[in-house]
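Okay, structure first, notes after.
Just so it is clear, none of the values below were taken in a lab; they were calculated from the coordinates. Computed from a prediction, not measured in an experiment: that's the story for all the values here. Please note: Cβ atoms are built from the backbone with ideal geometry, for glycine as well, and neighbour counts cover all protein chains shown.
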Amino acid sequence: MGFLGVTVFAPLRVARQGLSGGETISPAQLGRTLCTEVAEQVPYWVAVLTPAERPLLAEQSTTFEQTSVTFPLQYSAHRHRVLLLAALGSAICTWQRNNRRGSSAGVLVDLDLEGTRAVHPVRLPAVHTDVPAHCTNLVDDVSRKLDSVPNGGRDYALTRNYPALASRAGAQIIVRDHASAEPNREYAIDVRITVTDAGTTAARVRWAGELQGVDELIRLWSVAVHHLTTVAAAATGSSAA
């Protein structure tokens, strides 16, 4: 019963297709369709979760710290939302590299976005924005990754029941973008992105007290946002010319 809220999306999509064509779709057909759609997603999610992330902490923390950072971006713009995620992935990548924990496979984070309200992982590219040539296509790459998520990630909770995924470790960092989100102690780092009264973007970052160097991670995120914004502005200027 715990998955009931998740399972309705795929069958409803099929049901609407059937009703629009004047067909009758039985509960059995809906069930078979759901199982097929979910099973077809398993290889995608296996690829996202591979390789497993090195643990940030030896055990779950009981104490947490938090801070906030503001970015001069309008979060309501889709491009800016993707840019923030791209910059965060780059910052985590650089932060892990500086702490000898880096991986060329990218950065695994869970997303809990208001548009879908379905928590699912995404692997952000391991690109360092301090090299301008690396920034050119980064935001587009992240946008394509988000667009390629099957059914907006709504079925991910179901796919975790399959043996190929059940034993795999998930993300240790979560990013949310809705005001109702509450911090989750299962994550070492919890980022909630909101819009300020001035229309700019603010992020509340909460992390496990035992985790060192998060202030540096937040600084790297701000730097990466600046680099990507500068590259985007230059590209827009070139196009206009």
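Calculate the FRET efficiency for N161 and R54 from the Cβ-Cβ distance with a Förster distance of 22 Å, rounded to the nearest 0.05.
0.30
Using θ = phi - 60° and the Karplus form 6.51 cos²θ - 1.76 cosθ + 1.60, what ³J(HN,Hα) does each residue of segment 158-169 get, whole Hz, x for Gly and Pro?
Once rounded to whole Hz, the list reads 6, 5, 5, 7, 6, x, 5, 10, 4, 9, 7, 6.
Give the calculated FRET efficiency between T63 and A198 to the nearest 0.05, with a Förster radius of 30 Å applied to their Cβ-Cβ distance.
0.40
Given Cα positions, please report Rg to Rh for segment 42-102, the hydrodynamic radius being the Kirkwood one.
Taking Rg over the Kirkwood Rh, I get 1.04.
With only Lys, Arg, Asp and Glu charged, each at its Cβ (+1 for the first two, -1 for the last two), find how big the charge dipole of segment 69-219 is about the Cα centre; round to the nearest 20 debye.
Roughly 280 debye for segment 69-219.
Which FRET efficiency value, to the nearest 0.05, is calculated for R168 and L211 with the Förster distance at 22 angstrom and r the Cβ-Cβ distance? Walk me through the numbers on the way to the answer.
Details: r = 22 Å, r/R0 = 1.01.
Calculated value: 0.50.
Does a label point 7 Å from the Cα of T136, set along Cα-to-beta-carbon, have any residues of segment 50-93 with amide nitrogen under 20 Å, and which are they?
Within reach of a label on T136: 83, 86-87, 90.
Once you have a ≥ b ≥ c as the square roots of the Cα gyration tensor eigenvalues for segment 137-241, tell me rounded if a/c is under 1.5, and otherwise prolate or oblate according to whether a/b is larger than b/c.
Taking the square roots of the gyration eigenvalues as a ≥ b ≥ c, segment 137-241 is oblate.
Within segment 50-92, which residues have the backbone N less than 17 Å from the label spot 7 Å out from R185 along Cα→beta-carbon, could you tell me?
Of the residues in segment 50-92, 57-66 have backbone N under 17 Å from the label point off R185.
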